[in-house]
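Undergrad: Before I ask anything, here is the structure I am working with.
The values are calculated or read from the model by the stated rules, or taken from the named source; none is laboratory data. The structure displayed is predicted, hence computed values, not measured ones. Every residue, glycine as well, gets a Cβ built from its backbone with ideal geometry; the counts of neighbours run over all protein chains shown. Note: accessible area is taken over every heavy atom of the protein model, side chains too, but ligands, DNA and RNA are not part of it. Shrake-Rupley method; radii C 1.70, N 1.55, O 1.52, S 1.80 Å.
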Amino acid sequence: PPCSRTSFAAWLSPIEDSLKMAEIDSETLACTYAALILHDDGLPIEAENMTKLVKAAGVEVETFWPGMFAKALASADINELLMKIASGGPAPAAGGGGDTPAAGGGGGAAPPPPPTRA
């Protein structure tokens, strides 16, 4: 049976949404790489520098992305962020851990050492 325009549009809608999401993902990925390159080169992570890198890479991004990334990373310690990612886990919440006497955790005993092979 022939496909009506309405049913085709309904079928196509999720695909269009996925393509839009892929576009957003490529824009954020391009800005992420630009920020990492700038950091690695010791250059300021600023919207203008990010825009230059993204354009040099031949990637088109909405004009607000580089500025948004630059503002978000302005007060961030990039090395610390990278170490958190490399360690495979989130950092403890601000204000200290719950296992210290001051936090009411009592300190607790250290975990036992792992078994050794003979």
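Undergrad: Simple spin-label model, 7 Å along Cα-to-Cβ: K55 to D25 in nm?
TA: Here the modelled spin labels are 2.8 nm apart.
Undergrad: So, one more: Keeping all protein chains in place, calculate the accessible area per residue for the stretch 40-81 (probe 1.4 angstrom), answer in Å².
TA: It amounts to 72 Å² per residue over the stretch 40-81.
Undergrad: If you stretched the chain out fully between I37 and L82, how much longer would it get, using 0.36 nm times the residue separation minus the C-alpha to C-alpha distance?
TA: 14.9 nm
Undergrad: I want the local charge near A70. Using Cβ-Cβ distances under 10 Å, sum +1 for each Lys or Arg and -1 for each Asp or Glu among the other residues.
TA: Surrounding charge for A70 is -1.
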